[in-house]
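Structure first, commentary second.
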Amino acid sequence: SVDDAVNMGLHYILQHLDKPETYARILFVDFSSAFNTIIPDILQNKLSQLSVPTSICQWITSFLTDRQQLVRLGKLTSGTCTISTGAPQGCVLSPLLFSLYTNDCTSKDPSVKLLKFADDTTVIGLIRDGDESAYRQEVEQLSL
C-alpha cells in the first residue's frame, strides 16, 4: 500500500541520517499514461519468469489484447477501434499488472532505493560524504 511505501522510505532515510556526513535526496516520479505502456507479450514473458502459471499468463494476455474501444461525448459516439497494448484505466488489475511489468526495474546500487506503487516511483538516494554519483546515475536511467 501507499502507507507501506511511505513508512519504508522514512525508515531508510532516518536510519541513514543517524550516520555522520550523510543526507538524502528524494525524487517522486509519476509515469503519465503508465498503464497504456504495457505490452502484453512482454508482460507474459515477465510473468512466466516470476513462475506465474501458464494458464493465468495466457488469460491475462487474452484480457489485454484485441480490446474494443470507443469514445462517447454527449450524444456523439466514435467508431470502435481495436487496441492490443496497455491495461484498462480503472480496472482493479491494472496497478498490479503494471507493478509486475516493472518488477525488474531495480536499483544497481545499495545506496539508492526504488520504492514503487503502481505507476508511482520514489527514488531515494542515501548520500554519504557528498557523493551523489550513484543517485544521479539511477535518476538518469529512469529518464531513458
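Could you look through segment 1-25, keep only residues that are over 20 Å from the mean Cα position of the chain (by Cα) and surrounded by 12 or more Cβ atoms within 10 Å (Cβ to Cβ), and pick out the one that is farthest from residue 90 (Cα to Cα)? Of everything passing the filter in segment 1-25, 22 is farthest from residue 90 (Cα to Cα). For segment 95-140, the set of residues classified as of a type outside the set (Phe, Trp, Tyr), touching a residue at least 24 places away in the same chain (Cβ under 8 Å) and part of a helix (DSSP H, G or I) consists of 95, 97, 100, 134, 137, 138, 139, listed by residue number. The residue list 24, 5, 87 contains one member that is outside any helix (DSSP H, G or I) and under 18 Å from residue 115 (Cα atoms), which is 24. Can you say whether residue 55 is free of Cβ contacts under 8 Å to residues at least 40 places away in the same chain, surrounded by 10 or more Cβ atoms within 10 Å (Cβ to Cβ), of a type in the set (Ser, Thr, Tyr) and over 23 Å from residue 117 (Cβ atoms), as far as the supplied structure shows? Criteria not met by residue 55. Yes or no: residue 56 closer than 25 Å to residue 5 by Cβ and touching a helix residue (DSSP H, G or I) at 6+ places or on another chain (Cβ under 8 Å)? Against the criterion (closer than 25 Å to residue 5 by Cβ and touching a helix residue (DSSP H, G or I) at 6+ places or on another chain (Cβ under 8 Å)), residue 56 does not qualify. For segment 69-127, give me each residue that is farther than 22 Å from residue 38 by Cα, loosely packed, with under 10 Cβ neighbours inside 10 Å and of a type in the set (Gly, Ala, Ser). 74, 79, listed by residue number. Just one of the listed residues (28, 63, 35) is surrounded by 15 or more Cβ atoms within 10 Å (Cβ to Cβ), in contact (Cβ under 8 Å) with a residue 60 or more places away in the chain and either within 30 Å of residue 129 (Cα to Cα) or of a type outside the set (Gly, Ala, Ser) (or both), namely 35.
Laboratory data are not the source of any read-out in this text; all were calculated from the coordinates shown. Not measured: the values here are computed from a predicted model. When we count neighbours, we look across all protein chains shown, and the Cβ atoms used for this are built from the backbone with ideal geometry, even at glycine.
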